[in-house]
Every structure is written in structure tokens, then in C-alpha cells.
1. Do we find that Lys169 is over 18 Å from His64 (Cα atoms), in a strand (DSSP E or B) and of a type outside the set (Val, Ile, Thr) in this structure?
2. Within the stretch 94-109, restricting attention to residues that are more than 14 Å from the chain's Cα centre (by Cα) and not in a strand (DSSP E or B), which residue is farthest from Phe52 (Cα to Cα)?
3. Just give me the residues in the stretch 110-120 being over 12 Å from the mean Cα position of the chain (by Cα) and either free of Cβ contacts under 8 Å to residues at least 12 places away in the same chain or closer than 20 Å to Val158 by Cβ (or both), in sequence order.
4. Which of the residues that make up the stretch 196-217 are at negative phi and either out of contact with any helix residue (DSSP H, G or I) (no Cβ under 9 Å at 6 or more places or on another chain) or part of a strand (DSSP E or B) (or both)?
5. Which of the residues spanning the stretch 172-194 are part of a helix (DSSP H, G or I), of a type outside the set (D, E, K, R) and over 17 Å from Gly116 (Cβ atoms)?
6. In this structure, is Glu68 of a type in the set (Asp, Glu) and under 17 Å from the mean Cα position of the chain (by Cα)?
7. Can you name the residue in the stretch 176-229 that is acidic (Asp, Glu) and over 16 Å from the mean Cα position of the chain (by Cα) and, of all such residues, is surrounded by the most Cβ atoms within 10 Å (Cβ to Cβ)?
8. Of the residues Asp146, Asp101, which single one is modelled with pLDDT of 95 or more, in contact with a His (Cβ under 8 Å, 6 or more places away or on another chain) and of a type in the set (Asp, Glu)?
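The values are calculated or read from the model by the stated rules, or taken from the named source; none is laboratory data. Note that the structure is predicted; figures quoted are calculated from it, not measured. Cβ coordinates were reconstructed from backbone atoms using ideal geometry, including for glycine residues, and neighbour counts include every protein chain displayed.
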Amino acid sequence: MIYITGDTHGRFERVERFCERFQTSREDVLIILGDAGINFSGGRHDRLKKEFLESLPITLFCIHGNHEQRPYTIGTYKEKLWHGGMVYFEEEFPDLMFAKDGEVFELDGKQAIVMGGAYSVDKMVRLMYGYGWWPDEQPSEDIKVDVERRLDELGWKVDVVLSHTTPLKYEPVEVFLSGIDQSKVDKSTEEWLDGIEGRLDYGKWYCGHYHTEKKIDRVEIMFENFEEF
């Protein structure tokens, strides 16, 4: 079975409870829609999280968010083919995988394309206090080209989109943080996704990022809820 949930930010108690409740196994897959928070603190802190997750009876498939380092910038990660697309993994933690942006995965007979990344509205706070922040949190122009090339190959038709943030038109403005000047928020990723959404023939679009749960048309924003994929 394949399941899906929103941001975890390095806290996996609800994932553990989910595995216990549904008696999952390694054959089951849980998609985390970005901000898993696994490669965030570095060193021992991240290792403890990975050891805990590897002990759970489930396989994790994570989209890139904006509160985590990109795996290909970490020397211990390698690439492998998984369900038709490339993922990053560490040999020590083989059941903990990160999707490569622009890859298309065959999941339960459906084609799913991945488009991760977003802008961090808490960027300055994280820089001020020495928390993790990485300048490549949003998709680069090269990644955008790769995504659009894959969509060209697919004839701009796909069953499912897995992204971290939403297309601009679907932003849940009612949950925006107070005190944040939205005119200073870089929304280039949302604008790019907006253009894609307008052209793409798709069945379902899953995303996270906003710490809310909401369905609008075929777009679903997820947070702490779990669903079958």
C-alpha cells in the first residue's frame, strides 16, 4: 500500500503511530510532501532521526522541501532507480529515499512527477540563529528545464503531481503567518508551478508546505493527515 502525508519537520511520532495502527511493513510506502526535516541539523541529530526511521516497518519516499538540505550535496548519498525514477539514498538507510526533481515514478499504476522546493519565509531567523538554510531550496533554472522537458515527453499529461508548495492560484492565503510582508516573499516557484498547472492535463496534485489541510478542485494541501495514494 502507498500512503501520503504532509510536512514532518524532523518529528516522526505520528509516523510511528501510523505504522502501529495500520500494521505496516517494508512493502508499504509513505510519501512525505517535503520538509521531512531529515537532513537539517547535520551530524548526530540527523543520524538519530535516520536510525529511528529505518527501524520503522515502512519505506519512506520524500519530496524536497525548504527546511532540508538537498541530498546530492551530501557526500554519503547515491542514486538508484526506484519505481521507474531516480532517487537519492544512503546505503546505511536504504528504506529512506528522496525523490529527484523532474523524475516520473510509477506508483500503484499511476505516473507521478515530482517538483520539490519552496521559499523559506523564516530565512532570516534561521540565518540569524545559525539554523539550517540552503540557497538552493527552490528549484534552479536547470531543474525547471528538466521538469518541463519531462512533461514534453509525457505530452503534458500525467496522473499525479507531487510538489512541496502549491501553484500560486491555490495558495491558502487564510493561513499566511501574520507579520510577514507578502510583498517580500519570493513566489517564483509558485508562479512557475502556476504556469505548469495551467497547461498540464493531470488527475490529482498533492502538496504540503502551508501546515494546513485543504482541497481545492484537484489540488490537495496536506499536513498531519494521512491518505491512501
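1. On the way: over 18 Å from His64 (Cα atoms): yes; in a strand (DSSP E or B): no; of a type outside the set (Val, Ile, Thr): yes.
Taking the combined requirement at face value, the residue does not satisfy it.
2. Per the criteria, the residue is Gly109.
3. Just the residues of the stretch 110-120 that are over 12 Å from the mean Cα position of the chain (by Cα), to begin with: 110-112, 119-120.
Across the stretch 110-120, the qualifying residues are Lys110, Gln111, Ala112.
4. Residues of the stretch 196-217 at negative phi: 196-208, 210, 212-216.
Matches in the stretch 196-217: Asp201, Tyr202, Gly203, Lys204, Trp205, Tyr206, Cys207, Gly208, Glu213, Lys214, Lys215, Ile216.
5. Just the residues of the stretch 172-194 that are part of a helix (DSSP H, G or I), to begin with: 173-175, 182-184, 188-194.
Next, from what is left, pick out any that are of a type outside the set (D, E, K, R): 173, 175, 182-183, 188-189, 192-193.
Within the stretch 172-194, Val173, Val175, Gln182, Ser183 qualify.
6. For Glu68, the condition - of a type in the set (Asp, Glu) and under 17 Å from the mean Cα position of the chain (by Cα) - is met.
7. Initially, the stretch 176-229 is screened for residues acidic (Asp, Glu), giving 181, 186, 190-191, 194, 197, 201, 213, 217, 220, 224, 227-228.
If we keep only those that are over 16 Å from the mean Cα position of the chain (by Cα) as well, we get 181, 186, 191, 194, 197, 201, 217, 228.
Values: Asp181: 7, Asp186: 14, Glu191: 12, Asp194: 16, Glu197: 20, Asp201: 11, Asp217: 9, Glu228: 8.
Among residues in the stretch 176-229 that are acidic (Asp, Glu) and over 16 Å from the mean Cα position of the chain (by Cα), the one surrounded by the most Cβ atoms within 10 Å (Cβ to Cβ) is Glu197.
8. On inspection, the qualifying residue turns out to be Asp101.
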